[in-house]
Structure formats: C-alpha cells, structure tokens
Amino acid sequence: MINLDEKIDALNQCEKCRDVQVKKFSPLRDLMDLSELDGNYMKCECGKRPLDIVMSHILKIMIEEEIVPEKATLRRNSPVPLSAFYYSSLNPQFIAEKSLILLHKDFTKETASRLINEVPEVKCVLKGSPQIPTGQFDKDSEINHFEILEGDDEQINVMRTLLREKVVIVKNQSKHHIEVAMTTEEKLLRLHNYLDNNGINKGTAIDAMCGLGALGIYLLKYGFEKVIFNDINPEMIEALRKNLEINDVDGDFEIYNEAFEDLDAEHADLCVIDAYPGADISEITKKAEGIADNVIII
C-alpha cells in the first residue's frame, strides 16, 4: 500500500534548506563553475537540493554529452522534469533522491546512464517529445510510447477533492499521457460542479474514454451506483484495474476495451467525455447524447 501521508510530508523542505535561484535565460557556464556541480553540490543535510541546482547539474551533463549547445540555458535547453510523486498543486522547490523523471527528444543511453548515476534526484530517463502524445489518440492511431532509456517510470498523482477524499492515480509515464495532478484535480472539480448544479447524484455513468480512471473513480465515490469504464487502449485498462484497487472503490462497475463509437452501451444517466486535446469528438458526442440523459465534455 502507498503511504500517502508519508509521501506528502516528504515533499516539504526542512528548516535548513536554502533556496537558490539560477538565472534562467543566461548561459549556465557564465553563472557557475560547472566542474563543481556534482551530486553533493548544495545538498542540505536532509538530503534535498534546490530545484534550480538539480536542473543545472542535469544541464551540465547534457552540455558535456553535446545534446545541447555550450551556451545552453535552463529556460531554453532543459529537459521536461516530471515528479515521480505529485500532490495536487504542490510543486516542491527542494528535490529528494530518486524523485524526478526526465524527458527529452535527444537523450541517448549514454546520457541516461550518467544522469541516473551522477544526479541523485533522477529516477528515470525517457526519450521522446512532449509534443507527441503517448497512448492511443483515437481508433485510427497506433499506441505511442516514450522510450525508457534507464530507470523506473512509475509515477503517483494524488488529487484532493470536494468529497474530502483523495483520488490516487498510479501510471507509467512512458505509456500514459502527461497530465499533472493539478490538471486532473481541475477536471474533478469541473465534474463535481456539473453534478451539483444539475442535481445528478446517482444512477449509471459511463466514463467513455476513462484512461487511468480518475473521473470514473470519482463518480463511484460521489455516489453513482454503477460506472462503466471504457478505453480503446488496452494498456490503460491494465492500469485502470490497479487504480480501482488502490482507491478501494465501492459500487458496481464494468470495464470495456473498445472504441467508444463501437461500444454497445446500455442507457445511462451520465456520460463523461475526456478526450485528447485536439481530438475530433463529434461522432463520440453524438453517440453519448444518444445513450445518456446528461453528457459532460471535460
């Protein structure tokens, strides 16, 4: 089991943590002696380092491996840093060991090995572009992954809710769409307000493109007697089953692995549509409106 309180407490800085801000648009080599940047540079006795120092250490290695230019800056040339543990909108500025997942389109296996071995905070190194979505975009698309060059890509997202319960979503960042806890939390809030404003609090709901299951899990916690989870991507279904268990959900549910357009669904009180940004959902919306009394597009 995941000890959430322990992980949330671990995000906090200690009294001796000293923040450092590095100029983001200036060449890193002009700001500090790169030869001094190692795993112990500016490390607090609690074991954490300032985020800017960690990212500077990462960028130093990328410069040495010639992935970025000699005059690289933190703003223009850093990889995407993803936390291995997100709690709502809390973004820690002091980083513990094995807590960062890095993404960059030009990472190599050699660079990944150095980052894992030399930067204590790095847990996993992924090769890929954040502009290309992982998972399965629609029924005509293939499943896309980021490449795991080294490390463990498991990530935990914890969302607060108006039900005074947390929703926990565990995923593999190489397979699953990049969405931080704060974004998912905003979707849960939007769903909650829609249900409250329209007096919908029970019955059967369809989570049409359920992904990792956050919205459908919330519906069960909200009070729906039954939720139908559906996603076209079999890897999402595998992760969904794990998240249902982690969240200890009550209520009846069914799981389907279909394109929603092809799903032979029963009549429902609610259908929730949460598609990839930019996806054409006209056919999906028409189908949802034909089988559900209420449809919300998140």
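General observations
- Sub-8 Å Cβ pairs linking a first residue in the range 27-55 that is under 30 Å from ASP9 (Cα atoms) to a second residue that is basic (Lys, Arg) and loosely packed, with under 14 Cβ neighbours inside 10 Å, at least 6 apart or interchain, are MET42/ARG18; CYS44/LYS16; CYS44/ARG18; GLU45/LYS16; CYS46/LYS16; PRO50/ARG18, ordered by first then second residue.
- Residue in the range 144-162 that is farther than 18 Å from ALA10 by Cα and of a type in the set (Lys, Arg) present: no
- Selected residue (criterion: modelled with the lowest pLDDT) from residues of the range 175-209 that are under 23 Å from GLU254 (Cβ atoms) and open to solvent by less than 10 Å² (accessible area, probe 1.4 Å): HIS176
- Residue identified as more than 16 Å from the chain's Cα centre (by Cα) and over 23 Å from LEU263 (Cβ atoms) among GLU154, GLU165, GLU185: GLU165
- Residue list for the range 250-295, filter: part of a loop (DSSP other than H, G, I, E, B) and of a type in the set (Ser, Thr, Tyr): TYR276
- Hey, ASN201 over 13 Å from the mean Cα position of the chain (by Cα) and polar (S, T, N, Q) or not: yes
- Tallying residues that are surrounded by fewer than 18 Cβ atoms within 10 Å (Cβ to Cβ) and either at pLDDT 95 or above or touching a Leu at 6+ places or on another chain (Cβ under 6 Å) (or both) within the range 268-280 yields 1.
- Test result for ASN247, surrounded by fewer than 21 Cβ atoms within 10 Å (Cβ to Cβ), touching a residue at least 24 places away in the same chain (Cβ under 8 Å), within 20 Å of PHE137 (Cα to Cα) and touching a helix residue (DSSP H, G or I) at 6+ places or on another chain (Cβ under 7 Å): no
- Looking only at the range 228-238, and only at residues there that are open to solvent by 30 Å² or more (accessible area, probe 1.4 Å) and in a helix (DSSP H, G or I), the one that is farthest from ASP140 (Cα to Cα): GLU238
The values are calculated or read from the model by the stated rules, or taken from the named source; none is laboratory data. Quick caveat, the model's predicted, so the values are computed rather than measured. Reconstructed Cβ throughout: ideal geometry from the backbone, glycine too, with neighbour counts over all protein chains shown. The protein model used for the area step is the full one, side chains on, heavy atoms only, and it has no ligands, DNA or RNA in it. Shrake-Rupley method; radii C 1.70, N 1.55, O 1.52, S 1.80 Å.
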